[in-house]
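The values are calculated or read from the model by the stated rules, or taken from the named source; none is laboratory data. Predicted, not measured: the structure shown is a model, and the values here were computed from it. Cβ sites come from the backbone with ideal geometry, for glycine too, and all protein chains shown count toward neighbours. Surface accessibility is based on the protein's heavy atoms, side chains included, excluding ligands, DNA and RNA. Shrake-Rupley method; radii C 1.70, N 1.55, O 1.52, S 1.80 Å.
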Amino acid sequence: MRHELVLVLDFGGQYNQLIARRVREAGVYCEMLPYTTSIEKINELNPVGVILTGGPASVTDAGAPFCDKEILELGVPVLGICYGMQLISAMNGGTVKKAKQREYGRVEIKLGDSRLFENCEKDTICWMSHTYHVDNAPKGFEITAKSANCPAGAFENKKKDLYGVQFHPEVNHTPEGTKILRNFLYGICGAKGDWKMSTYVDDMIKKIRDKVGDKQVLCAMSGGVDSSVAAVMIHKAVGKQLTNIFVDHGLLRKNEGDQVEEVFNKQFDMKLIRVNAQRQFLDKLAGVTDPETKRKIIGEEFIRVFEAEAKKLGKVDFLVQGTIYPDVIESGAGDAAVIKSHHNVGGLPDLVDFKEIIEPLRDLFKDEVRKAGLELGIPDHIVWRQPFPGPGLAIRIIGDITDEKLDILKDADWIFREEIKAAGLGRAINQYFAVLTGMRSVGVMGDERTYDYTLALRGVTTTDFMTADWARIPYDVLETISNRIVNEVKSINRIVYDITSKPPATIEWE
Ligand code: XMP
C-alpha cells in the first residue's frame, strides 16, 4: 500500500528532522529531501502538502538556497517555516530584512484568524530563532500573527494555499505547535492520517517476503535495537531463510551474550549462530593501550570472524543492513551531513559474497524503530536498550585489557545499571555505564590498607549524542550504587562520578 505523503524540503535548519518526526507523530507519512530536489521527482511523489524548513542562510545572501518555484504552483498547500517563510516571501515579490536585534527563545505572539491557528490559544508563546524576517509581505498575502519584534510572525495567501510561520511549531517550547502542524496536515492539506506502525510493519513484512522469495538472507546481529528489529522483521517474513551471525567478542556487558541467544534463538526460534570468539579478541588486544588501536583491532577481527562464518554458509543472496532514516537524510543532504563512520561496521558488504542489500528500517526514525520493535513483540529490555559502542567494554577499560579487569568492570557496571533501573531512571538517562580507570589509590577496608582501582560512573542526557549533559543522578541513588559496588565487587575502593558535559569531554572515556 502506498501512504499519502507530505514532502519536507530541507534547507539545513537544526530542527529539520524534528519537523519530519512531528509530521509522522501526527499520523502522516513524510519524507525529507534536499531543497534541490527536481520538480519531476516531486511530481512523482505526488505529495498532499509541502513543508519548507528553516535554514542558516538568508534569502538576501548571494547564492542563498532556493527551491524550484514551480513547487509553489503545484496546487498543493505549502507551509514555510522560518527560512521557508522568508523564501515564500522572496519568491512572490515580498521583502525580507535584517531585524534590529536577533530574536531567539520564547516569545509572546498574537495569533490571528487563520485555518492554521484554528482552536489555538490566540495569545500564546512560540519559539523564535532568527535574524531576518519578512518585512513587506507579497501582494495577496495577509499577516496572520505578530510578536513585539516581528511584524510578520505568520502570513498566508489563502487563494494559492501558501502559508508561512516565522516561529518553530515543531519544538516543544511552542505550546500550540502540534495543533498548528495538525491544522496544516488535516485541515489544510486534507490528509487522512494513514501512517500507523502496525500497518507499516505488516506491509514491510509482505514486501520483504515478495523480494526475498525462496532466497537466503544473512544478518550481522549485535543485539542492539536496530539489528534486532531488522532481524525479527525479516524472520517474520522468511523464517529460517534468514541466518543471523552473532559475533561474541567477550567485550559485551555481563550476561549479554547469553541474553541475545536466549531471546532470538529460544523465544523467537530464529536461526542464530553465536560465534564465541572471546579468547581470540582478548589475545589480540593483550597489552594494547591506545584507544584507536583497540578500535582498529576489534573492527578488523570482527570482519575476519564474521567472514569466516559467512563463508561456511556459501553464497547468500541478501545481506541485511540496519540503515535508519536519519542516515538516509544525512547522506543525501550534502553540506549538512554529519556521518558518524565509527557507528557502523565498515567494509562488511565488500567482504561477504552476496547479491543485494536489504534495509528494512531505512524509512524509520529511531523512535519509530522502537515502536516497530514493540509491534513485533521484541522484549522491552532490547527495544529500550541504550546505545552500546561496537568495541564494547574495551574502550571503557582505560589502558590494557585483562580478563580480571573485564570481570571487575562487568560486575560494577551491572550493579550501576541495576540501581538506575530500580530508581526508575532507566529511560530518563540516555546512556549510563561504568569505566574502569587505570588509576589505583589507597583505601582502608576493615583494619586493612587497600591499594585498588578507581571506578568512574558516567551518565548523560542527550538527544543526538553529538552533545550531551551529565545526568543529575540523585545523591541517595549514587550513595546506594557506591556502597554496593565497593562491597560487592573486588578490587574497587574508590568511586567517582563524571560531571563533564560533551563538549569538552566525550561520552566514552576512550
Ligand atoms: P563519544 O564518546 O564520541 O560517543 O561522545 C558518542 C556516542 O557514540 C558511541 N561510540 C561508539 N559507537 N563505535 C561505536 O559503535 C565506537 O567506536 C564508538 N565510540 C563511541 C558512544 O557510546 C556514544 O553513544
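Assorted remarks:
- Residue list for segment 53-109, filter: touching an Asp or Glu at 6+ places or on another chain (Cβ under 9 Å) and surrounded by fewer than 19 Cβ atoms within 10 Å (Cβ to Cβ): Gly75, Thr95, Lys97, Glu108
Conditions (1) assigned by TED's automatic domain parsing to the domain that holds Lys215; (2) within 16 Å of the ligand (Cβ to nearest atom); (3) surrounded by 17 or more Cβ atoms within 10 Å (Cβ to Cβ); (4) at pLDDT 95 or above, marked per residue:
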| residue | (1), (2), (3), (4) |
| --- | --- |
| Pro291 | yes, yes, no, yes |
| Ile298 | yes, yes, yes, yes |
| Ile303 | yes, yes, yes, no |
| Ala308 | yes, no, no, no |
| Pro326 | yes, yes, yes, no |
| Gly347 | yes, yes, no, no |
| Val352 | yes, no, yes, no |
| Glu375 | yes, no, yes, yes |
| Ile378 | yes, no, yes, yes |
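- Conditions (1) within 16 Å of the ligand (Cβ to nearest atom); (2) aromatic (Phe, Trp, Tyr); (3) not in a helix (DSSP H, G or I): number failed by Tyr453: (1)
- Gln17 meets all of the listed conditions (1) modelled with pLDDT under 95; (2) assigned to a strand (DSSP E or B) but one, namely (2).
- Residues of segment 401-416 satisfying the condition of being away from the ligand (no atom under 16 Å from the Cβ) and among the aliphatic types (A, V, I, L, M): Leu406, Ile408, Ala412, Ile415
- A count restricted to segment 401-422 and to residues that are out of contact with any Asp or Glu (no Cβ under 8 Å at 6 or more places or on another chain) and buried (at least 17 other Cβ atoms within 10 Å of the Cβ) stands at 13.
- Where Thr243 falls short, out of the listed (1) under 27 Å from the mean Cα position of the chain (by Cα); (2) in a helix (DSSP H, G or I); (3) not aliphatic (A, V, I, L, M): (2)
- Considering residues of segment 488-501 that are open to solvent by less than 50 Å² (accessible area, probe 1.4 Å) and either of a type in the set (Val, Ile, Thr) or within 12 Å of the ligand (Cβ to nearest atom) (or both) only, the residue farthest from Lys410 (Cα to Cα): Ser501
- Only one of the numbered conditions (1) surrounded by fewer than 19 Cβ atoms within 10 Å (Cβ to Cβ); (2) out of contact with any Asp or Glu (no Cβ under 7 Å at 6 or more places or on another chain); (3) under 23 Å from Arg304 (Cα atoms) is violated by Val275, and that is (2).
- Members of segment 77-122 found to be of a type in the set (Asp, Glu) and not in a strand (DSSP E or B), listed by number: Asp113, Glu118, Glu121
- Residue in segment 269-282 that is of a type in the set (D, E, K, R) and under 14 Å from Ala220 (Cα atoms) present: yes
- Residue satisfying condition, being among the small types (Gly, Ala, Ser) and either within 16 Å of the ligand (Cβ to nearest atom) or touching a strand residue (DSSP E or B) at 6+ places or on another chain (Cβ under 7 Å) (or both), within set Ala423, Ala505: Ala505
- Scan of segment 176-193 for residues that are under 24 Å from the mean Cα position of the chain (by Cα) and either surrounded by fewer than 15 Cβ atoms within 10 Å (Cβ to Cβ) or hydroxyl-bearing (Ser, Thr, Tyr) (or both), ordered by number: Thr178, Gly193
Conditions (1) closer than 30 Å to Asn265 by Cα; (2) touching a helix residue (DSSP H, G or I) at 6+ places or on another chain (Cβ under 7 Å); (3) of a type in the set (Ser, Thr, Tyr), marked per residue:
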residue: Lys122; (1), (2), (3): no, no, no
residue: Lys139; (1), (2), (3): no, no, no
residue: Ala148; (1), (2), (3): no, no, no
residue: Glu170; (1), (2), (3): no, yes, no
residue: Asn183; (1), (2), (3): no, yes, no
residue: Ala191; (1), (2), (3): no, yes, no
residue: Asp194; (1), (2), (3): no, no, no
residue: Gly213; (1), (2), (3): yes, no, no
residue: Met221; (1), (2), (3): yes, yes, no
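- Subset of segment 380-400 [open to solvent by less than 10 Å² (accessible area, probe 1.4 Å) and either more than 16 Å from the ligand (Cβ to nearest atom) or assigned by TED's automatic domain parsing to the domain that holds Gln259 (or both)]: Ile382, Val383
- Taking every residue in segment 490-510 that is at positive phi and pairing it with any residue that is part of a strand (DSSP E or B) and away from the ligand (no atom under 11 Å from the Cβ), at least 6 positions away or on another chain, the pairs with Cβ-Cβ distances below 7 Å are Ser491/Asp452; Ser491/Tyr453.
- Only a single criterion out of (1) surrounded by 18 or more Cβ atoms within 10 Å (Cβ to Cβ); (2) modelled with pLDDT under 95 is not satisfied by Ile208, namely (2).
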